[in-house]
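Scroll down for the structure; my scribbles are underneath it.
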There are 4 protein chains.
Amino acid sequence: MKLDINADLGEGFGPYRMGEDEDLMPLITSANVACGYHAGDPVVMDKTVRLALKHGVDLGAHVGFPDRMGFGRRPMHFELKELQKHVLYQLGALYGIAAAAGHKITHMNFHGALGNMAFTDRALSDALVEAVKAFDAGLSLLVCANTEYEKAAKDAGFRTISMLLADRGYMDNGVIAPRAMEGALIKDPATVGRRVEQLLGDGTLTSISGRTLRMDIDSILVHSDTPGAVALARQIRQSIVASGGVIVPISRGSSPA
Amino acid sequence: MKLDINADLGEGFGPYRMGEDEDLMPLITSANVACGYHAGDPVVMDKTVRLALKHGVDLGAHVGFPDRMGFGRRPMHFELKELQKHVLYQLGALYGIAAAAGHKITHMNFHGALGNMAFTDRALSDALVEAVKAFDAGLSLLVCANTEYEKAAKDAGFRTISMLLADRGYMDNGVIAPRAMEGALIKDPATVGRRVEQLLGDGTLTSISGRTLRMDIDSILVHSDTPGAVALARQIRQSIVASGGVIVPISRGSSPA
Amino acid sequence: MKLDINADLGEGFGPYRMGEDEDLMPLITSANVACGYHAGDPVVMDKTVRLALKHGVDLGAHVGFPDRMGFGRRPMHFELKELQKHVLYQLGALYGIAAAAGHKITHMNFHGALGNMAFTDRALSDALVEAVKAFDAGLSLLVCANTEYEKAAKDAGFRTISMLLADRGYMDNGVIAPRAMEGALIKDPATVGRRVEQLLGDGTLTSISGRTLRMDIDSILVHSDTPGAVALARQIRQSIVASGGVIVPISRGSSPA
Amino acid sequence: MKLDINADLGEGFGPYRMGEDEDLMPLITSANVACGYHAGDPVVMDKTVRLALKHGVDLGAHVGFPDRMGFGRRPMHFELKELQKHVLYQLGALYGIAAAAGHKITHMNFHGALGNMAFTDRALSDALVEAVKAFDAGLSLLVCANTEYEKAAKDAGFRTISMLLADRGYMDNGVIAPRAMEGALIKDPATVGRRVEQLLGDGTLTSISGRTLRMDIDSILVHSDTPGAVALARQIRQSIVASGGVIVPISRGSSPA
């Protein structure tokens, strides 16, 4: 069984740091790099791309709303045709930085409020997916299972990479529980590890209410801005290996667990 | 004799318009499109790229300082290594928009204060040129004759496109006269036309002081934000044709006049 | 009967112009000046404040979302406590510019999506009004009749100035009709003039469907970015005077028509 | 002998933190708060203003270039008349936040490249000082001794507060040594403490070359973004008290040491 480990990195800006990119990069196989909209800037992007290249980590674009002050977490309402150009701008900007560094974008993901809105909004999802397709139909799209965005990505013919958020509780319908719900946040690394082992063991996850969910997972997301992210990433690696899994980047063909 | 006509377009932003892009585009052969730093935004870029494509106009990147409020006209002092990442970001962003629209960047130019500073600063020019080369060594670089930037571009092996600013006076050393100098601005279209005809006739230009300068020119720049830009572009086209010249885009091989 | 005429001015930015501020200012009595968020910048603000001062025009703050690219027209979702600080920042910024120029803020208004969202959202309206009150409880608030925002303003003890959008159709409930509705936009100056005359004659307005609405109006808004805004302002002035009304700024005590 | 201790605080932005404001605030008597240009945003400003108020700390404005990505450290060249409006905008913005919180600006300072450029540029200094004066001639201006800016401030009639950068070496002419110079950075808290004690003892400072400089100092600056800033602030407090000095905010009349 092959599993990718991905994280959102490159979220610093100008004089500001965020996350422990240097420590996390050796532990993951795919990095989703902010493109200067919700976070990141050209200097941070370049540094992150080169760090990924050095560690053989796949490069992805992390695309968000143009709202640095709100870290892309505030819902904004765009005309879809306009929003598509902002997706292209970000993908291209990272392409430019990556090309000069000798790296290559192989996947992408939507960040924050934009990603969340796409979960339940098919028209938005279709517009986003169409923009990515116009840029490069060969990119893999990181998705959360059972969302409108996942459907839009599949229907457009994209290779999708289904993510598990190992430190988040799931509801009975296979969707991530909202942060406010009891059991939504799993802070104990050992518990996170057991969930990964269960997934690799029989391909299931236990929902907050106790139901057994069958999950086809290709990648595990580590939240880079969570305190203890590095320890969590180590735990996840260890649990994958202990379960007989192989940790491989998205581009080298992770397959459903 | 082949000559290109280029203009800086796509300088609107959000709700704001600038220049008469729709009217100018059919009259030029190469468009230098602002990349969202000193001007432009993803929506404006997309519109301008598609307009260029429709009219068979070559697409160039117009790269500037991150200063929309100052329109990139305020000198800023960057560490060169950092500035290079901003060049890549802009080139990539336009690449992304262009890729989706089915167009392709064939040339580029530096805008405003950044361009002016490069005229006389070899270290800056080398850094800029190195960044472009890391992105795409096959791009053509629009240059002003007799500048440090031109030398840096040539030394780095780039194909350079020497621009004439037909509505600006030149000093005896072949450099554009500062705006404040008497004779620096040529407002009469007929005079501009005669200068173009002289250039195509014997390859010379007359300096403000009356000296005859030999100029190897590949392209004529039309300032899109000058009142009367459209009339001026028409005059330049007419003068080129009247002199037996052929108007061709940069990519189709304009050669020194 | 006293009526104020207000307009949203100072909406340029950096190299970009918007509206005909110089021509409109002599025709209005209250200017609502953008504060550098959805539009405007310190230089534009200063110029507009001085122009208002010169023409004896009341100075108001036009407060919006931090989204220049979208001109503050895109709905954004803020935590209300955070949004309040953005209101204060804008009010203060205009205060600083005005203090140096010798002018004084006497009223304010919310712009675009922020203003529209407040029409129907009482919690948002309360938060906005609370922020303004913490800054200066003596400001007058421009309101549209029959909105949650008007109620919030009155309940907080503010002096409210009820605006008529003379070039917009109203629904039977006294609320402005959405732009998409037939009859929502009134482009003919003569018709606008007749509406003003009706208002001054018997204090009524005719809705799109033909119902007679009683309106207590203190000020008429001229949309500065409408083509023909200057002609429309002239028409409105003429209609007020022809109906025996007196045109006075907000601060000099316009009273319900 | 009375001495103020000041620090530049409120330099976070959106999701990003900078400095240990909560720990430093109880140790200082004057806070210079970033105004959303080089750093800070309305939410951070509000939080910092309220923290200052709670600790009885004087509130100052820290005014910089509009360059968050560069933290205001990149020299930019503005027309002076335009730059003045940016000064007013920032002062006003902080005024708005402070007014709502019940605090009051009593002093100000220029940040980063803007402050450094003013050290040696009298025309720039005069323009900056003139802008502050138009806003509030009663503000105190933090200055570095022996600079053009200090002269401009005094000539304009401002009360100046002469700062010692206790962790920076000085040249024989009484000016702070450039960072690159050997001896420019003093990292040992004990050494910093001895310098403060010397200053309070006989009013002198020893230059890098060993010369004894007479310094009239009103306030000591603690760099909030230096690692160990809190420990350094404690050391400075202790050294002042040990030397028989009294630590008082700018507004309560610190006098030359």
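Things worth noting here:
- Candidates D:PRO75, D:PRO42, filtered to the one that is within 12 Å of chain C (Cβ to nearest Cβ), more than 25 Å from D:ILE240 (Cβ to Cβ) and of a type outside the set (A, V, I, L, M): D:PRO42
- Flag for D:GLY96 being within 18 Å of D:ASP225 (Cα to Cα) and open to solvent by less than 30 Å² (accessible area, probe 1.4 Å): no
- From the list B:LEU51, B:LEU24, B:LEU9, the lone residue that is open to solvent by 10 Å² or more (accessible area, probe 1.4 Å), over 19 Å from B:VAL132 (Cβ atoms), more than 10 Å from chain A (Cβ to nearest Cβ) and touching a residue at least 12 places away in the same chain (Cβ under 8 Å) is B:LEU51.
- Flag if C:GLY19 is on the phi > 0 side of the Ramachandran plot and either in contact with a His (Cβ under 7 Å, 6 or more places away or on another chain) or open to solvent by less than 10 Å² (accessible area, probe 1.4 Å) (or both): no
- In the stretch D:27-38, the residues that are more than 14 Å from chain C (Cβ to nearest Cβ), hydrophobic (A, V, I, L, M, F, W, C) and under 16 Å from D:GLY72 (Cα atoms): none
- Taken as a whole, the stretch B:95-112 holds no residue that is among the polar types (S, T, N, Q) and within 14 Å of chain A (Cβ to nearest Cβ).
- Unmet requirement for D:VAL196, which otherwise passes all of (1) more than 23 Å from D:MET117 (Cα to Cα); (2) over 20 Å from the mean Cα position of the chain (by Cα); (3) not polar (S, T, N, Q): (2)
- Among the residues of the stretch A:236-250, those identified as surrounded by fewer than 22 Cβ atoms within 10 Å (Cβ to Cβ) and out of contact with any Leu (no Cβ under 9 Å at 6 or more places or on another chain) are A:GLN238, A:VAL241.
- Of the residues C:GLY56, C:GLY70, the single one that is within 12 Å of another protein chain (Cβ to nearest Cβ) and at pLDDT 95 or above is C:GLY70.
- Some residue of the stretch C:154-164 being in contact with a Ser or Thr (Cβ under 9 Å, 6 or more places away or on another chain), over 30 Å from A:ALA113 (Cα atoms) and either open to solvent by 30 Å² or more (accessible area, probe 1.4 Å) or without any contact (Cβ under 8 Å) to a residue 12 or more places away in the chain (or both): yes
- Single residue of D:LEU83, D:LEU88 found to be touching a Phe, Trp or Tyr at 6+ places or on another chain (Cβ under 8 Å) and within 12 Å of chain C (Cβ to nearest Cβ): D:LEU88
- Of the residues B:LEU221, B:LEU199, the single one that is surrounded by 14 or more Cβ atoms within 10 Å (Cβ to Cβ) and in a helix (DSSP H, G or I) is B:LEU199.
- Checking A:ASP172, A:ASP167 one by one, the residue that is among the charged types (D, E, K, R) and buried (at least 23 other Cβ atoms within 10 Å of the Cβ) is A:ASP167 and no other.
- Residue among C:ALA39, C:ALA101, C:ALA31 that is touching a Ser or Thr at 6+ places or on another chain (Cβ under 7 Å) and either closer than 30 Å to B:GLY40 by Cα or not β-branched (Val, Ile, Thr) (or both): C:ALA31
- The listed residue being modelled with pLDDT of 95 or more, farther than 21 Å from D:PHE71 by Cα and not charged (D, E, K, R), out of B:HIS107, B:HIS38, B:HIS77: B:HIS107
- Any hit, the stretch A:132-141, residues being within 25 Å of B:HIS86 (Cβ to Cβ), among the aliphatic types (A, V, I, L, M), surrounded by 22 or more Cβ atoms within 10 Å (Cβ to Cβ) and in contact with a Phe, Trp or Tyr (Cβ under 8 Å, 6 or more places away or on another chain): yes
- Residue in the stretch B:118-126 that is within 15 Å of the chain's Cα centre (by Cα) and open to solvent by 10 Å² or more (accessible area, probe 1.4 Å) present: yes
- Count of the stretch B:27-40 residues, restricted to those that are touching a Gly at 6+ places or on another chain (Cβ under 6 Å), open to solvent by less than 10 Å² (accessible area, probe 1.4 Å) and over 23 Å from B:ARG252 (Cα atoms), is 2.
- For the stretch C:61-87, taking the residues that are in a helix (DSSP H, G or I) and open to solvent by 20 Å² or more (accessible area, probe 1.4 Å), the one that is nearest to D:GLY96 (Cα to Cα) is identified as C:LYS85.
- Qualifying residue in the stretch B:179-196 (condition: closer than 20 Å to B:ILE250 by Cβ, modelled with pLDDT of 95 or more and away from chain A (no Cβ under 14 Å)): yes
- Search result, residues across the stretch D:207-250 that are among the hydroxyl-bearing types (Ser, Thr, Tyr) and under 24 Å from D:ALA39 (Cβ atoms): D:SER219, D:SER224, D:THR226
- Condition met for A:LEU142 (free of Cβ contacts under 8 Å to residues at least 60 places away in the same chain and either under 30 Å from A:ARG195 (Cα atoms) or charged (D, E, K, R) (or both)): no
The values are calculated or read from the model by the stated rules, or taken from the named source; none is laboratory data. Since this is a predicted model, take the numbers as computed values, not measurements. We place every Cβ from the backbone using ideal geometry, glycine too, and count neighbours over all the protein chains shown. These area figures cover heavy atoms from the full protein model, side chains too; ligands, DNA and RNA do not enter into them. Shrake-Rupley method; radii C 1.70, N 1.55, O 1.52, S 1.80 Å.
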